[in-house]
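Scroll down for the structure; my scribbles are underneath it.
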Amino acid sequence: MIVARTSPVPVGLAGGTRQGRAGETGPVTPSDPAFAGDPATATYYDQRAAEYDEWYLSQGRFAERERPGWHAELEHVVGLVAALPPARTLDIACGSAFLTRHLRGGLVVGLDQSRAMVALAQTRLPGGLAMVGDALELPFPDGAFDRVLTGHFYGHLPTSERTAFLAEARRVAGELIVIDSALRPAVEPEQWQERVLNDGSRHQVYKRYLTGQQLADELDGEVLLDGTWFAAARTSRPARHHAATPSR
């Protein structure tokens, strides 16, 4: 979950608009935003860590949000992760490990920029490792894993960071699975959102919504899920020689 900006006027995308959760829009500046590389990202997710799962579980600020079919589709996503064959898996931007903890067997490593998220994730990965790290400069040798998994991270990345992320993911593993937010009717596919945390703090976050097919096309892979709320896709190539990964 590595993608936030706490400044009230975020750096924007050329030719786009800034859109808050309440539908508020405004012009954006012509420079490309940085998110995975923005120190404000870790600050946002450090503040959000304790309440992050409320989004998944429809609790707190999300309790009254109308999301028909959300829970059934979330169960499908959890089932998709749980059904993956055991493998040496790196979950990039693992957040609270809400999904990571459902991986079966093999080595599981969760990586996130937020120390608070990593501390929470480690409590949910008793047989694995959670660590602080940079998603765009992974601290692992080539071919260290069989699989990279990432949930609700890819859709926050601007073009330059998507390119860097995909290069790193493909460098360390032969398989990449991306889970993200599905594009729905009446939802702008690319927007700025104002997110309000339980402590009242406000954060500007860049977000893209994708169909399952669009996600698969961007990854040059196959669709795993093209739902109302979630999209997932997978891409793979011949695995490289496995190198040693960090131990606890």
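Just so it is clear, none of the values below were taken in a lab; they were calculated from the coordinates. Quick caveat, the model's predicted, so the values are computed rather than measured. Please note: Cβ atoms are built from the backbone with ideal geometry, for glycine as well, and neighbour counts cover all protein chains shown.
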> Once amide H atoms are placed 1.01 Å from N in the peptide plane, what residues at a sequence separation of 5 or more from Leu149, or on another chain, have their amide H within under 5 Å of its amide H?
Replying inline: Leu90, Asp91, Ile92, Ile177
> Could you work out Rg/(2.2 N^0.38 Å) for region 106-150, with Rg from alpha carbons only?
Replying inline: 1.13
> Nearest-5 percent of antiparallel DSSP beta bridges in region 17-236?
Replying inline: 55
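Give the shape of region 17-236 as rounded, prolate or oblate, defined through the alpha-carbon gyration tensor: a ≥ b ≥ c are the square roots of its eigenvalues, a/c under 1.5 means rounded, and otherwise the shape is prolate if a/b is larger than b/c and oblate if not. Intermediate values should be presented prior to the final figure.
Numbers: a/c = 1.31, a/b = 1.29, b/c = 1.02.
Verdict is rounded for region 17-236.
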>> Run the Debye formula on the Cα coordinates of region 106-248, all scatterers equal and no solvent, and tell me log10 I(q)/I(0) at q = 0.09, 0.16 1/Å.
In response: -0.31, -0.96
>> Projecting each Cα onto the charge dipole of region 52-176 (Lys/Arg +1, Asp/Glu -1 at the beta carbon, about the Cα centre), which of Gly155, Pro86, Ser96 comes out farthest on the positive side?
In response: Pro86
> What are the ³J(HN,Hα) values, in whole Hz, obtained from phi via the Karplus relation 6.51 cos²θ - 1.76 cosθ + 1.60 with θ = phi - 60°, for each residue of region 196-207 in sequence order, with x given for Gly and Pro?
Replying inline: 10, 8, 4, 8, x, 5, 10, 9, 8, 10, 7, 8
>> Can you tell me, using C-alpha contacts under 8 Å and at least 6 residues apart, the relative contact order of region 17-236 as a whole percent?
In response: 19
>> Test of understanding: ordering Val109, Val196 by Cβ neighbours within 10 Å, fewest first, what list do you get?
In response: Val196, Val109
> Can you list residues whose amide H is under 5 Å from Val108's amide H, if they're 5+ apart or on another chain and H is modeled 1.01 Å from N?
Replying inline: Thr89, Leu129
